[in-house]
Amino acid sequence: MDRISISELDNFIGVYFGQDYVMAEPGHEIEPKIQAYIHDMPDANLHALLADIELFLNGCDDTELDFRAHYKGEFVPANWDTTAQAFLARVQARVSAALKNRER
């Protein structure tokens, strides 16, 4: 994977799933953290996150290996009973749905 700028994805993972993740949203479940991010952020950040996920996925040769290399242990999907691919798909689905609901 080439070096790419995915700052919103990096911020999302760092704040909601990184070392101090319990400060952003207490607990050890993925879904409430995604919902907290959606609640906390304006539409522009949600759109940026979706764009970053697409950029990351399109730049990957191997999603799992590239995710591991990029996040270097800051967030390990297996520790949350998921894979990088499943995690990113879940975030995409929730954020996309939230944006559609906000448009109504």
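Conditions (1) closer than 16 Å to Ser7 by Cβ; (2) out of contact with any Pro (no Cβ under 8 Å at 6 or more places or on another chain); (3) at pLDDT 95 or above, marked per residue:
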{"residue": "Leu55", "(1), (2), (3)": "yes, yes, yes"}
{"residue": "Tyr71", "(1), (2), (3)": "yes, yes, no"}
{"residue": "Ala78", "(1), (2), (3)": "no, yes, no"}
{"residue": "Gln85", "(1), (2), (3)": "no, yes, yes"}
{"residue": "Ala89", "(1), (2), (3)": "no, yes, yes"}
{"residue": "Ala98", "(1), (2), (3)": "no, yes, yes"}
{"residue": "Asn101", "(1), (2), (3)": "no, yes, no"}
message: Against the conditions (1) exposed (fewer than 12 other Cβ atoms within 10 Å of the Cβ); (2) free of Cβ contacts under 8 Å to residues at least 40 places away in the same chain; (3) charged (D, E, K, R), where does Arg102 fall short? Just the number, please.
response: (2)
statement: Of those in region 60-78 that are closer than 27 Å to Pro42 by Cα and not acidic (Asp, Glu), the residue surrounded by the fewest Cβ atoms within 10 Å (Cβ to Cβ) is Val76
query: So Asp81 fits all but one of (1) on the phi < 0 side of the Ramachandran plot; (2) surrounded by fewer than 12 Cβ atoms within 10 Å (Cβ to Cβ); what number is the exception?
result: (1)
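The values are calculated or read from the model by the stated rules, or taken from the named source; none is laboratory data. Everything numeric here is computed off the predicted structure, so don't read it as measured data. Using ideal geometry, Cβ is built from the backbone for each residue, glycine included, and neighbour counts are taken over all protein chains shown.
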